[in-house]
Amino acid sequence: MSYKIELTSLESLAAKLPFSMDEAHRVNETFAAYMLSNQADDKRLIDLWTYCFVRRYFLIKFIRDPRFRASELDHLVEATYRKVERARTSITHHHRYAQWVSVVCRNTFVNFIARRKSVTGLQRHHDVALPPAIEDDMEVNAAAIHASLLHAIAQLPPFLQATARMRFVENLSNEEIGRIIGKRAATVRAYVHKICKRFRRDPGLRAWADHLLRP
């Protein structure tokens, strides 16, 4: 199965959730409810969301670089999911669970690239250097911006949500997005233009539009 087909299948699995994978505020509400009451239904939703989010994160990374092996993808997803599962009960700020999982994924991928470089002797990968977003996610203001971005994505029409997530959360180029969703780069640019217009109406993003929302 190709990564692109698997990504589509994963979206179908995530559709079983009562909220979008990018609705961080609803994920956090569900996690807070689970931590408070330990209800099996809340745990099931959190487990499903966590698995889908983690696998989608690494699928996108592997789509971008064909040098990575499928066995490495499975190992990363398993290791990251177990890491999250073991540590999540120690989170003190339950309303930031979604953002915390995102940070775990990013740091795990950076460590994976560093280890892979030392083992294989490959040239320095462009993702090894920590991009500002990884460090910024550890700050309260950046976490708020990230949450606003995910919320804004969830408010978009369904046909724009995947493009918005890949462009502004995963930082894929228009050409890479086009290959994944099966559209021409010109169509993706038109989608991004529509997305930016909608995002600039969002109070939580407006002040950051020039920095974050570059078509």
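Only the coordinates and a few stated rules stand behind these numbers; no lab work does. Because the structure is a prediction, the values reported are computed rather than measured.
Residues in segment 20-34 carry Karplus couplings, in order, of 6, 4, 9, 7, 4, 5, 6, 4, 5, 4, 5, 5, 4, 5, 5 Hz; the curve used is 6.51 cos²θ - 1.76 cosθ + 1.60 with θ = phi - 60°, and Gly or Pro positions show x.
Computed 3J(HN,Hα) for segment 158-173, one whole-Hz value per residue from the Karplus formula 6.51 cos²θ - 1.76 cosθ + 1.60 where θ = phi - 60°, is x, 6, 9, 5, 4, 4, 4, 5, 5, 6, 9, 9, 8, 6, 7, 6, glycine and proline marked x. Looking at segment 1-117, the pairs of alpha carbons with a distance over 26 Å make up 20% of the total. Couplings 3J(HN,Hα) for segment 91-106, derived from phi with the Karplus relation 6.51 cos²θ - 1.76 cosθ + 1.60 (θ = phi - 60°), are 5, 8, 9, 5, 6, 10, 4, 4, 5, 5, 4, 4, 5, 4, 4, 5 Hz, where x marks Gly and Pro. Note on Lys43: lysines with a C-alpha under 17 Å away, same-chain residues under 8 apart excluded, are Lys16, Lys83.
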